[in-house]
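Step one of this worksheet: look at the structure below.
We did not get these values from a lab; they are worked out from the coordinates using the rules stated. Here the structure is a predicted model, which means the values were calculated and not measured. For neighbour counting, all protein chains shown are included, and Cβ atoms are generated from backbone atoms with ideal geometry for every residue, glycine included.
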Amino acid sequence: LPALTEQTALGLFDTALHTSRPVVITTQIDTTTLRETTTPPLLHALAPPKPTLTPEPAHPSLDALSQEDRARVVLDIVRSHVARALGHGSGADIEPDRAFRELGFDSLAATELRNQLNTATGLRLPATLVFDCPTSEAVADHILAELAPAESQVDVQEEEQVRVALQAIPLHRLREAGLLESLLELAGVGAADEIAGDGSIDALDADELIGMVMGGDDFDGGSGV
């Protein structure tokens, strides 16, 4: 029950004098705070309890999605958490381009949304997220931009692991296992006999093979790397 200013109190007192109700209480009620507690039945008309949220469908792994589908899924996740922070039943109730201030966001809802999205995405989003990105769409774009560098780093790490693995395998072992031609063909550099020509493939060392397979160097017939 927030304190009343003098002007507000006098206005309410004047209103109370002219009402026909037998009993009048003049006060302000913080309905946002009231909804965060267990609301007594007597106060349900003032602050209805938050509706039971419809369980959100499980989302597929972002790695398996196209860029367009990834953007859609991230936006759906953001909208569902915006709905949760505001007490709506479903993310479908949230317009992607509508400003958070128009939806009734306060500092408590902003903090709750940021914490929920931190948990959902594994990111450390800024405390000013709702102010920097004032719509669900803007928040989704920010999250996608944050996820992209992390995924690029994973690609770099995986490529380095492949390089290390190839370097550890003697070429004769790859030939004996019948994998050498397959590696070269997968790399798009042609069959081994076409590259080797006069047998120069036998002169390749591990570094030269890695350069051909990973696309890091050019190979020119029998001239080496």
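Expressed in nm to one decimal, what extension gain is obtained for the pair N115 and R101 from 0.36 nm per residue of sequence separation less their Cα-Cα distance? All intermediate terms of the calculation are to be shown ahead of the outcome.
Numbers: separation 14, 0.36 × 14 = 5.04 nm, distance 1.83 nm.
Between N115 and R101, full extension yields 3.2 nm more.
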Region 108-134 scanned against label point 7 Å out from L147 along Cα→C-beta; backbone N under 19 Å for 113-126, 129-130, 133-134
Once both label points are put 7 Å beyond Cα along the C-beta direction, the L108-L1 separation in nm becomes 1.8 nm
Pseudo-spin-label distance Q167 to S90, built 7 Å along Cα→Cβ, given in nm, is 5.5 nm
Taking 0.36 nm per residue of separation between D132 and L17 and subtracting their Cα-Cα distance, the length gained on full extension comes to 36.7 nm
